[in-house]
Amino acid sequence: MQITAVIDYGMGNLRSVVNALEHVAGKNHQVILTSDPDQVMRAQRVVFPGQGAAGDCMRAIDHYELRETICEVAANKPFLGICMGMQILLEHSEENQGTDCLGIYPGRVRYFGDDHHGDNGEKLKVPHMGWNQLHQTGRHPLWEAIDDDSRFYFVHSYYFETDDRSLVIGECDYGFSFTCAIAHDNVFALQCHPEKSADAGLQLLSNFIHWDGQA
Amino acid sequence: MPLAKRIIPCLDVDNGRVVKGVKFVEIRDAGDPVENARRYNLEGADELTFLDITASSDGRETMVHVVEAVAREVFIPLTVGGGIREVADIRRLLNAGADKVSINTAAVFNPEFVQQASSKFGSQCIVVAVDAKRTSHDGSPGRWEIFTHGGRKSTGIDAIEWACKMDRYGAGEILLTSMDRDGTKIGFDNELTRRVSEAVRVPVIASGGVGTLQHLADGVLKGKADAVLAASIFHFGEFSISEAKKYMASCNIEVRL
C-alpha cells in the first residue's frame with residue numbers, strides 16, 4: 001500500500017485536495033489527511049497544501065510542530081506544494097507586514113499591488129482569480145499528458161519570486177510573467193490549484209501519485 | 001490577456017433538489033444537484049454556484065450533503081450561498097467541500113461578519129453578494145441602493161460605496177445582482193456592473209437578467225465583469241455552457257475552451 005499524506009495544519013479547505021487525490025488514486029494508494037509528524041514521515045508521498053495568509057500558515061505550522069517534518073520530507077520524499085504550500089518554501093513573504101517563511105529555497109513572495117495593470121493599461125483585479133494558462137518552461141514527469149499552456153485555476157494576491165532560475169518549471173502571465181511552478185529533485189510546487197483545475201489538474205495529481213521523485 | 005473570463009451557472013437548491021433544472025433531455029433525474037453539476041462540468045463551466053433557498057434548518061443540513069456529494073466528483077470551484085449567518089455555517093460548508101461561500105443579508109446587517117469570516121478563512125473563500133436596485137430616475141446620474149429580503153426592502157445604502165466597503169472588509173469577490181434585471185432576460189445592468197467593477201480591487205461577477213449569449217458577452221465588454229453568472233438560459237437547455245463560451249470567444253473574449 002502506497003500512502004500519500006496531506007499535511008493538515010488547520011488552514012483552508014483541505015477536503016478538496018483529499019477528494020481530488022482519492023479520485024485519481026488506485027486501489028494500491030491510500031490518501032490520509034494528518035497533522036501527526038510520525039504519520040507524515042511514514043507516508044511515501046507528501047502533499048503540502050495551504051490557503052489563507054502567510055502569517056497564519058507559519059504560526060499554524062509551528063503550533064502543530066511541523067516545521068522540522070516539512071523540511072525533512074521536502075529533502076527526501078516526493079513532495080507537492082500547492083498555493084501557500086509553494087510560497088512558504090521561500091525565505092520571506094511580504095504578506096502580514098512581512099513574514100519569515102521556511103527558507104528552503106532562495107527568494108521572496110510579493111504582492112501584486114493595489115494598482116496592478118496589464119500591458120494595455122487595463123486594470124487587473126487582485127486577487128488573480130480564475131483560469132489562466134500555465135506555460136511549461138521545462139520537461140518534468142508531472143507535466144506528463146498535460147498540454148503546454150493548459151489552463152489551471154488560480155486564486156492568489158501574492159506571487160513567487162526566486163533568484164534561482166534553475167527551480168522554475170512553469171510560468172504564468174498576469175500583467176507580467178511570474179513563476180507558478182517550481183521543481184527541484186523530489187520537490188514540485190504550484191501556485192495554482194490542481195484539485196480545482198478539472199482534467200488538467202487531475203492529471204497532474206495522478207502523475208504525482210505515480211511519481212518516484214526523480215526529475 | 002490570458003486570464004479567462006469565467007462563466008458560472010447558478011443552481012437553486014431547495015431541500016437538496018435543484019428546483020430549476022427540469023428540461024435536460026439526456027438527464028433522467030434533472031433535479032439531482034450532482035447530475036447537474038457533472039453535466040455543467042463536462043460542458044466546461046468554470047465554477048458552480050449553489051444557492052440554498054431552503055427555508056428550514058433541517059433543509060440546510062441537506063445542503064451540506066449536497067456539497068459533499070458534488071465535491072467528490074466535480075473538480076472545479078464550488079460556491080454556496082443562502083442563509084449564511086455565522087462562522088460555524090461557513091466552516092460546515094467548507095469542510096463539506098465548498099471552496100467559497102457567498103454572504104448576503106448577514107453582511108448588510110453585520111458588516112463585521114465579513115471581516116471576521118475573511119480573517120478566519122481567507123478572502124479567497126468569501127464572496128459578498130450585493131443585490132442592487134436602481135433608485136435614480138432616467139436621465140439623471142445613476143444611483144443604486146442595496147436591497148434585502150429578495151429586493152423588497154431598501155437599506156438606503158449606496159451600492160457602489162457598499163461594494164468598496166466590502167472589498168476593504170476582506171471580500172475576495174463581489175457577486176453583483178441587479179434586482180431590476182433579475183428574471184427579466186433583457187440583459188445585465190451593465191452600467192451598474194461597470195461602475196462597481198471599476199471601483200473595487202477584487203473580481204466582480206455580473207448577475208441578473210441574462211436572456212441571450214450576447215448578454216453574457218456584454219457583461220464583460222460593457223460591464224467590465226470578470227465573470228458572468230446565469231441560471232435559466234442554462235437550466236432550460238436554451239444554451240449549453242460550451243455554446244456560451246464559443247460565442248464569447250467569437251467576441252474576442254478570453255475564455256477557457
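The values are calculated or read from the model by the stated rules, or taken from the named source; none is laboratory data. Being a predicted model, the structure only gives us computed values, none of them experimental. Methodologically, a virtual Cβ is constructed for each residue, glycine included, from the backbone with ideal geometry; neighbour enumeration extends over all protein chains shown.
Go through (1) within 14 Å of another protein chain (Cβ to nearest Cβ); (2) more than 16 Å from the chain's Cα centre (by Cα) for residue A:53 and report which single condition fails.
The one condition residue A:53 does not meet is (2).
Condition first: closer than 21 Å to residue A:203 by Cα and touching a strand residue (DSSP E or B) at 6+ places or on another chain (Cβ under 8 Å). Now tell me which residues in segment B:51-81 satisfy that.
B:70, B:71, B:74, B:76, B:77, B:78
For residue B:109, all conditions in the list (1) closer than 22 Å to residue B:199 by Cβ; (2) at pLDDT 90 or above hold save one; what is the number of the exception?
Only one criterion is unmet by residue B:109, namely (1).
How many residues, within segment B:83-93, are modelled with pLDDT of 90 or more and surrounded by 17 or more Cβ atoms within 10 Å (Cβ to Cβ)?
Matching residues across segment B:83-93 total 5.
Give A:54, A:75 a once-over and let me know the one that is over 30 Å from residue A:126 (Cα atoms), surrounded by fewer than 24 Cβ atoms within 10 Å (Cβ to Cβ) and of a type in the set (A, V, I, L, M, F, W, C). Explain how you work it out, then say what you get.
Working: A:54 fails: over 30 Å from residue A:126 (Cα atoms).
After ruling out the rest, the residue left standing is A:75.
Only one residue in B:197, B:232 is under 25 Å from residue A:116 (Cα atoms) and under 16 Å from the mean Cα position of the chain (by Cα). Which one?
Values: B:232 fails: under 25 Å from residue A:116 (Cα atoms).
None of the other options fit; the residue is B:197.
Take residue A:155 and tell me if it is facing another protein chain (nearest Cβ under 9 Å), in contact with a helix residue (DSSP H, G or I) (Cβ under 6 Å, 6 or more places away or on another chain) and either assigned to a strand (DSSP E or B) or more than 19 Å from residue B:2 (Cβ to Cβ) (or both).
On the way: facing another protein chain (nearest Cβ under 9 Å): yes; in contact with a helix residue (DSSP H, G or I) (Cβ under 6 Å, 6 or more places away or on another chain): yes; either assigned to a strand (DSSP E or B) or more than 19 Å from residue B:2 (Cβ to Cβ) (or both): yes.
Here the answer is yes, as residue A:155 does meet what is asked.
Would you please list the contacts, defined by Cβ atoms under 7 Å and residues six or more apart or on different chains, that run from a residue in segment B:161-187 that is at pLDDT below 95 to a residue that is aromatic (Phe, Trp, Tyr) and not in a loop (DSSP other than H, G, I, E, B)?
As it stands, the answer is B:179/B:147, since those pairs meet every condition given.
When you scan segment B:50-85, how many residues do you find that are more than 14 Å from every other protein chain (Cβ to nearest Cβ) and touching a Gly at 6+ places or on another chain (Cβ under 8 Å)? Steps first, answer last, please.
Pass one, segment B:50-85, residues more than 14 Å from every other protein chain (Cβ to nearest Cβ): B:50-63, B:66, B:81-85.
Those left that are additionally touching a Gly at 6+ places or on another chain (Cβ under 8 Å): B:50-54, B:59-60, B:62-63, B:66.
Adding up the residues that qualify gives 10.
Given the criteria away from chain B (no Cβ under 14 Å) and either part of a strand (DSSP E or B) or surrounded by fewer than 23 Cβ atoms within 10 Å (Cβ to Cβ) (or both), does residue A:70 qualify? Write out each step before concluding.
Details: away from chain B (no Cβ under 14 Å): yes; either part of a strand (DSSP E or B) or surrounded by fewer than 23 Cβ atoms within 10 Å (Cβ to Cβ) (or both): no.
So residue A:70 fails the test.
Name the one entry in B:189, B:218 that is touching a helix residue (DSSP H, G or I) at 6+ places or on another chain (Cβ under 8 Å), acidic (Asp, Glu) and more than 14 Å from every other protein chain (Cβ to nearest Cβ). Lay out the reasoning, then the answer.
Numbers: B:189 fails: touching a helix residue (DSSP H, G or I) at 6+ places or on another chain (Cβ under 8 Å).
After applying the criteria, what remains is B:218.
Residues to consider are B:134, B:152; find the one that is at pLDDT 90 or above and away from chain A (no Cβ under 14 Å). Don't jump to the end; show me each part of the working.
Numbers: B:152 fails: at pLDDT 90 or above.
B:134 is the lone residue from the list that is at pLDDT 90 or above and away from chain A (no Cβ under 14 Å).
With (1) in a loop (DSSP other than H, G, I, E, B); (2) without any contact (Cβ under 8 Å) to a residue 40 or more places away in the chain; (3) away from chain B (no Cβ under 14 Å) as the list, and residue A:105 as the residue in question, which single condition is left unmet?
(2)
Is there a residue in segment B:86-102 that is more than 10 Å from chain A (Cβ to nearest Cβ) and in contact (Cβ under 8 Å) with a residue 60 or more places away in the chain?
Looking for residues that are more than 10 Å from chain A (Cβ to nearest Cβ) and in contact (Cβ under 8 Å) with a residue 60 or more places away in the chain, one finds at least one in segment B:86-102, hence yes.
Inside segment B:225-240, can you point out the residues that are assigned to a loop (DSSP other than H, G, I, E, B), more than 14 Å from residue B:181 (Cα to Cα) and in contact (Cβ under 8 Å) with a residue 40 or more places away in the chain?
Of the residues in segment B:225-240, the ones assigned to a loop (DSSP other than H, G, I, E, B) are B:225-226, B:231, B:236-240.
The next check asks that each one be more than 14 Å from residue B:181 (Cα to Cα); those that pass are B:225-226, B:236-240.
Answer for segment B:225-240, where residues must be assigned to a loop (DSSP other than H, G, I, E, B), more than 14 Å from residue B:181 (Cα to Cα) and in contact (Cβ under 8 Å) with a residue 40 or more places away in the chain: B:225, B:226, B:236, B:237, B:240.
Among residues belonging to segment A:158-205 that are more than 13 Å from chain B (Cβ to nearest Cβ) and part of a helix (DSSP H, G or I), point out the one that is surrounded by the fewest Cβ atoms within 10 Å (Cβ to Cβ).
To start, the set of residues in segment A:158-205 that are more than 13 Å from chain B (Cβ to nearest Cβ) comprises A:159-170, A:179, A:181-190.
Filter once more, so that each one left must be part of a helix (DSSP H, G or I): A:165-167.
Values: A:165: 8, A:166: 10, A:167: 21.
Looking at residues that are more than 13 Å from chain B (Cβ to nearest Cβ) and part of a helix (DSSP H, G or I), I get A:165.
With (1) within 14 Å of another protein chain (Cβ to nearest Cβ); (2) in contact (Cβ under 8 Å) with a residue 12 or more places away in the chain; (3) surrounded by fewer than 24 Cβ atoms within 10 Å (Cβ to Cβ) as the list, and residue A:2 as the residue in question, which single condition is left unmet?
(1)
Looking only at residues in segment A:25-47 that are crowded, with 21+ Cβ neighbours inside 10 Å and touching a residue at least 60 places away in the same chain (Cβ under 8 Å), which one is nearest to the other protein chains (Cβ to nearest Cβ)?
Residues of segment A:25-47 crowded, with 21+ Cβ neighbours inside 10 Å: A:31, A:40, A:43, A:45-47.
Subsequent filtering for residues that are touching a residue at least 60 places away in the same chain (Cβ under 8 Å) retains A:45, A:47.
Working: A:45: 19, A:47: 15 Å.
The extreme case among them is A:47.
Of all residues in segment A:108-152, count the ones that are assigned to a loop (DSSP other than H, G, I, E, B), within 14 Å of chain B (Cβ to nearest Cβ), free of Cβ contacts under 8 Å to residues at least 60 places away in the same chain and of a type outside the set (Lys, Arg). Can you show your working first?
Going through segment A:108-152, the residues assigned to a loop (DSSP other than H, G, I, E, B) turn out to be A:112-116, A:118-122, A:124-127, A:137-140, A:144-149.
Retained after the next criterion (residues that are within 14 Å of chain B (Cβ to nearest Cβ)): A:112-116, A:118-122, A:124-127, A:147-149.
Of the ones still in play, those that are also free of Cβ contacts under 8 Å to residues at least 60 places away in the same chain are A:113-116, A:118-122, A:124-127, A:147-149.
Of the ones still in play, those that are also of a type outside the set (Lys, Arg) are A:113-116, A:118-122, A:124, A:126-127, A:147-149.
Residues meeting the conditions: 15.
Please find, among B:142, B:170, the residue that is within 27 Å of residue B:47 (Cβ to Cβ) and assigned to a loop (DSSP other than H, G, I, E, B).
Of the residues listed, the single one that is within 27 Å of residue B:47 (Cβ to Cβ) and assigned to a loop (DSSP other than H, G, I, E, B) is B:170.
Is segment A:117-125 home to any residue that is modelled with pLDDT of 95 or more and under 16 Å from the mean Cα position of the chain (by Cα)?
no
Given the conditions (1) closer than 27 Å to residue B:8 by Cα; (2) touching a strand residue (DSSP E or B) at 6+ places or on another chain (Cβ under 6 Å); (3) modelled with pLDDT under 95, which single one is not true for residue A:95?
(1)
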